[in-house]
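A short write-up of the structure that comes next.
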Amino acid sequence: MPLPQSISSNARVLWHLAINRVTGSTHEERLKSFYKGQAGDYDSFRKKLLHGREEMLTSLEFPEQGIWVDLGAGTGSNAEYVADKVPSLQKVYQVDLCDPLLDVARERAAERGWSNVVPTHADATTFTPEEGSADVVTFSYSLTMIPDWFAAIDNACRILKPGGIIGVVDFFVSRKYPADGMVKHPWSTRTFWTTWFANDNVFLNGDHLPYLHKYFTPVTLEQRRGKVPFLPFVRAPHYIFLGAKKAE
Ligand SMILES: C[S@@+](CC[C@H](N)C(=O)[O-])C[C@H]1O[C@@H](n2cnc3c(N)ncnc32)[C@H](O)[C@@H]1O
């Protein structure tokens, strides 16, 4: 059901989250069905929900003329956080399977005059840059939406140059018995947030961080909580992980 333009951007996103039933027989079709009504309002609403993106992006070192692959890039808004560095990069691939979001990324790159930014329709689990490898690979709140998230991490590791850097920020819940040094969430946290996000096909997982540790030497690890719009009394857990690809 179409909504009048006069309704606020947040209300439109909430309307789509509440009313829109996700349909489709493939992952790509389901992503399109989920996002198509909210692509134009995506950035303003997600800014209040997806914490730590700016911190993750601004902590990364981008080499001059480097290749940056942003996997599950959505509207390509991550480039805004490092807009001063984008022109000095050889190529920025913004990889996503959802065309309505990629259209926003294409408009942004054109408006900014970023001819080296290439919004690309591809699967994060298999994408390879034309140049064959990348200096930096990022995932911001995309691993939890990629069913084969382990294949996406494997692919990031495969395309990263030796010593290349991965940056990840995402929601998570801890394992019931996490390793030393990892945050331990109580049953209520693990159950509530897993159930809450699964409604939108966002799958929180206690295995992302252990899997990232297997292939990447941690440079930064933050495990925190952040506010959720319209839920004043709770905070959703997220992590920021920066790591260097281990020698094979
Ligand atoms: C919550 S959004 C995050 C978008 C963006 N990184 C941000 O921080 O705003 C998750 C994104 O992952 C994308 N995605 C999910 N599965 C994917 C896959 N297999 N390959 C590429 N992108 C995928 C979705 O289409 C969506 O744009």
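Take residue 61 and decide whether it is over 14 Å from the mean Cα position of the chain (by Cα), at pLDDT 95 or above and surrounded by fewer than 19 Cβ atoms within 10 Å (Cβ to Cβ). Taking the combined requirement at face value, the residue satisfies it. Scanning the range 174-197 turns up no residue that is within 18 Å of the chain's Cα centre (by Cα) and among the aliphatic types (A, V, I, L, M).
If the condition is being surrounded by fewer than 22 Cβ atoms within 10 Å (Cβ to Cβ), farther than 13 Å from residue 152 by Cα and within 12 Å of the ligand (Cβ to nearest atom), then the range 109-140 contributes 120, 121.
Of all residue pairs spaced 6 or more apart or on separate chains, those with beta-carbon atoms under 6 Å, a first member in the range 22-36 that is among the charged types (D, E, K, R) and a second member that is within 11 Å of the ligand (Cβ to nearest atom) are 28/97; 32/98; 36/100.
The residue list 66, 74 contains one member that is buried (at least 17 other Cβ atoms within 10 Å of the Cβ) and in contact with a Cys (Cβ under 8 Å, 6 or more places away or on another chain), which is 74.
Only strands (runs of 3 or more DSSP E) whose full extent lies in the range 75-149 are considered here, and the ones with at least 2 residues that are of a type in the set (Ser, Thr, Tyr) are 134-140.
The values are calculated or read from the model by the stated rules, or taken from the named source; none is laboratory data. Bear in mind the structure is a predicted one, so any value in this text is a computation, not a measurement. Note that each Cβ is placed from the backbone with ideal geometry, even for glycine, and that neighbours are counted across all protein chains shown.
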